[in-house]
Amino acid sequence: MANIKCIASDFDYTLSHFEDPIEKGLYDILRRRGWNDIDIRKAENLAGAQGFSIQKFIESAKSLRSELPIPDESSITLVFERWLNKSIEMYDDSARFLKKWWGVLPIVIVTIGDQLYQRQKISLVQLSYDELHVVTPPNRKVDVLRSTIERYGA
């Protein structure tokens, strides 16, 4: 254990997850507004390639099919925010692991996505860390990890 100089981890589905999966949460919000799963998935994939956020999702949906019902963007955003606030949580084992090592070794979180959305999720789970790097596509996490290894040595 003496050789380890820091702990670096991804965030999404490594430290945290949605109690109510996005395929249920986001999809249910939009199904109630007349969307079908194929259109939702296309918009989700397009938004994800840019670093997902609900705003990017709505813009992606508009660009894919102008006939998609998006008259209530603020309502969709509000309902999505409520879902996110109640659904995102840390994995129990991740929370215990990080609590054990907090203050002993530097904890570096390297995640990819929309800056504000990723930071919002991390804030919601009350994750303690020494460094946070949110990589925005098309940039790559591996570049940040390589730099972290160079700084800490192991």
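The values are calculated or read from the model by the stated rules, or taken from the named source; none is laboratory data. Predicted, not measured: the structure shown is a model, and the values here were computed from it. Virtual Cβ from ideal backbone geometry, glycine too; neighbours counted across all protein chains shown. Heavy atoms of the whole protein, side chains included, go into the accessibility calculation; ligands, DNA and RNA do not. Shrake-Rupley method; radii C 1.70, N 1.55, O 1.52, S 1.80 Å.
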Answer yes or no as to whether Arg32 is of a type in the set (Lys, Arg), open to solvent by 40 Å² or more (accessible area, probe 1.4 Å), closer than 21 Å to Arg119 by Cβ and without any contact (Cβ under 8 Å) to a residue 12 or more places away in the chain. no
Cβ pairs under 8 Å, 6+ apart or interchain, first in the range 91-111 and within 19 Å of Ile149 (Cβ to Cβ) and open to solvent by less than 40 Å² (accessible area, probe 1.4 Å), second basic (Lys, Arg) and at pLDDT below 95, ordered by first then second residue, are Leu105/Lys5; Pro106/Lys5; Val110/Lys141; Thr111/Lys141
Out of curiosity, is Asp37 surrounded by fewer than 17 Cβ atoms within 10 Å (Cβ to Cβ), of a type outside the set (Phe, Trp, Tyr) and over 26 Å from His133 (Cβ atoms)? yes
From the list Leu145, Leu116, Leu84, which one is open to solvent by 70 Å² or more (accessible area, probe 1.4 Å), in contact (Cβ under 8 Å) with a residue 40 or more places away in the chain and closer than 19 Å to Gly51 by Cβ? Leu116
